[in-house]
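Heads up, the thing below is written out as structure tokens.
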Amino acid sequence: MTTTLGTASAGPGEIDTGRLEVGETRDGSPFGLPVAVVNGAKPGKTLYMQAASDGDELNGVGVVQRVVPRLDPAELSGTILIVGIVNYHAFQVAEHRNPIDDTKMNRAYPGNEGGTSTERIAAATFEAASRADLILDLHQGSTSRMLDEVRVRCGKRHRLHDQCLELAKAFGCGYVLDQKGPDGQLARAAPDEGIPTVDPELGGAVGWDEESIRKGVTGVFNVLRYYNFLEEGEPLETQTRAKGFEQYGAPAGGLVTRTKALGDRVRPGETLFEVTTPFGEPKAEVTADSEGILWRARRLPQVATGEYVCSVGTDIDEY
Ligand SMILES: [Zn+2]
């Protein structure tokens with residue numbers, strides 16, 4: 001059966017790329033999101049994958065750019081639907097939020113086809129995503145430094161929680177953040193439609209981070225093998241899960257020196273970072289409140305009072 005997404009149309013054993021039209025730009029030109037359809041020669045599940053929902057999060061675009069040429073539809077069971085760049089307007093100017101309406105895409109799902117620019121793009125991509133059995137929404141820690149991890153956002157009491165956790169484990173980055181996300185996330189809205197969904201958060205970078213992209217490519221192929229799109233599945237590896245997430249801000253302005261590296265274990269009372277003047281004079285020292293793992297940290301050393309410095313994943317276990 002031929003599968004279509006926007007102008008991309010592929011019969012069994014075929015792959016096609018095209019555009020999913022969602023409106024017009026300010027000069028009146030129609031614009032469309034770049035899409036791909038990989039239609040396996042054999043029947044199977046449907047995977048939906050998207051990248052750059054946040055326009056400055058480019059590692060997912062790197063993953064799609066590397067995964068698609070390695071897919072052979074003749075070898076594939078099932079179908080893969082891909083939107084390569086979701087936040088079209090933000091991507092053009094390398095910003096996080098859609099500059100047309102200054103809105104974050106991943107707070108607008110399931111979208112509204114007659115709404116704002118962001119809501120229309122959310123609606124168009126949600127419609128495509130709703131055709132799938134599994135969803136990967138490729139993100140990263142914006143431009144902060146972050147562990148490569150996968151987020152389960154539906155919340156522990158959601159009926160699809162176990163299936164989302166299983167998908168996160170199948171992706172297999174090593175770390176999972178299992179914490180209910182804010183309203184409007186694709187990983188919140190799609191499980192409500194019965195579709196297991198996760199946010200792989202592929203590190204953080206300005207531009208592309210090759211190590212995080214490599215982990216993302218591996219994660220996508222892990223998912224394809226585990227859910228039988230491809231043969232030769234491997235047993236799942238144990239993941240380190242955090243169920244809480246504590247953020248730390250600067251108590252004073254100045255320059256931050258971190259005393260822990262990403263992935264380091266942290267104990268209560270241990271120093272996380274120090275703030276000094278430009279001349280190295282100590283101003284403040286911040287210690288951890290809870291036991292956990294240093295998960296995310298700002299990239300630049302300079303901070304104002306109250307500005308974000310780092311996050312610790314807490315309530316850690318293995319699964
Ligand atoms: Zn994001």
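The lone criterion from (1) crowded, with 24+ Cβ neighbours inside 10 Å; (2) part of a strand (DSSP E or B); (3) polar (S, T, N, Q) left unmet by Thr4 is number (1). For residues that are in a loop (DSSP other than H, G, I, E, B) and either more than 27 Å from Ala94 (Cα to Cα) or basic (Lys, Arg) (or both), scanning just the stretch 162-190, find the one that is nearest to the ligand (Cβ to nearest atom). Among residues in the stretch 162-190 that are in a loop (DSSP other than H, G, I, E, B) and either more than 27 Å from Ala94 (Cα to Cα) or basic (Lys, Arg) (or both), the one nearest to the ligand (Cβ to nearest atom) is Gln179. Considering only residues of the stretch 271-319 that are in contact (Cβ under 8 Å) with a residue 60 or more places away in the chain and part of a loop (DSSP other than H, G, I, E, B), which is farthest from the chain's Cα centre (by Cα)? The residue in question is Tyr319. Applying the criterion of at least 3 residues that are within 16 Å of the ligand (Cβ to nearest atom) and on the phi < 0 side of the Ramachandran plot to the strands (runs of 3 or more DSSP E) found wholly in the stretch 191-270 leaves 197-202. Checking Leu167, Leu160, Leu186 one by one, the residue that is among the hydrophobic types (A, V, I, L, M, F, W, C), free of Cβ contacts under 8 Å to residues at least 40 places away in the same chain and more than 20 Å from Thr314 (Cβ to Cβ) is Leu160 and no other. For the stretch 108-115, check the following and say yes or no: at least one residue is at pLDDT below 95 and either among the hydroxyl-bearing types (Ser, Thr, Tyr) or in contact with a Cys (Cβ under 6 Å, 6 or more places away or on another chain) (or both). No: zero hits. Inside the stretch 48-87, residues that are of a type outside the set (A, V, I, L, M, F, W, C) and within 16 Å of the ligand (Cβ to nearest atom) make up a count of 11.
Inside the stretch 111-125, residues that are part of a helix (DSSP H, G or I) and either within 16 Å of the ligand (Cβ to nearest atom) or among the polar types (S, T, N, Q) (or both) make up a count of 5.
Across the stretch 173-187, what is the total count of residues that are crowded, with 21+ Cβ neighbours inside 10 Å and under 16 Å from Ser212 (Cα atoms)? It would help to see each step written out before you state the result.
First, pick out the residues of the stretch 173-187 that are crowded, with 21+ Cβ neighbours inside 10 Å: 173, 175-178, 185-187.
Filter again for under 16 Å from Ser212 (Cα atoms), leaving 173, 175-176.
Matching residues across the stretch 173-187 total 3.
Under 6 Å between Cβ atoms, at least 6 apart or on separate chains: pull out the pairs that start in the stretch 128-143 with a residue that is assigned by TED's automatic domain parsing to the domain that holds Ala189 and end on any residue that is among the basic types (Lys, Arg) and modelled with pLDDT under 95. Filtered contacts from the stretch 128-143: Thr143/Arg299. Name the residues in the stretch 132-146 that are more than 14 Å from the ligand (Cβ to nearest atom) and either modelled with pLDDT of 95 or more or within 10 Å of the chain's Cα centre (by Cα) (or both), would you? If the condition is that a residue be more than 14 Å from the ligand (Cβ to nearest atom) and either modelled with pLDDT of 95 or more or within 10 Å of the chain's Cα centre (by Cα) (or both), then Ala132, Asp133, Leu134, Ile135 are the ones that fit. Based on this model, can you work out whether Arg97 counts as within 15 Å of the ligand (Cβ to nearest atom) and basic (Lys, Arg)? Taking the combined requirement at face value, the residue satisfies it. Within the stretch 33-77, the residues that satisfy the criterion of being in contact with a Lys or Arg (Cβ under 8 Å, 6 or more places away or on another chain) and without any contact (Cβ under 8 Å) to a residue 60 or more places away in the chain are Pro34, Gly55. Screening Thr103 with (1) of a type outside the set (A, V, I, L, M, F, W, C); (2) free of Cβ contacts under 8 Å to residues at least 40 places away in the same chain; (3) away from the ligand (no atom under 16 Å from the Cβ) gives one miss only, at (3).
The values are calculated or read from the model by the stated rules, or taken from the named source; none is laboratory data. These numbers come from a predicted model, not from an experiment. Counting neighbours? That spans all protein chains shown, and the Cβs are built from the backbone with ideal geometry, glycine included.
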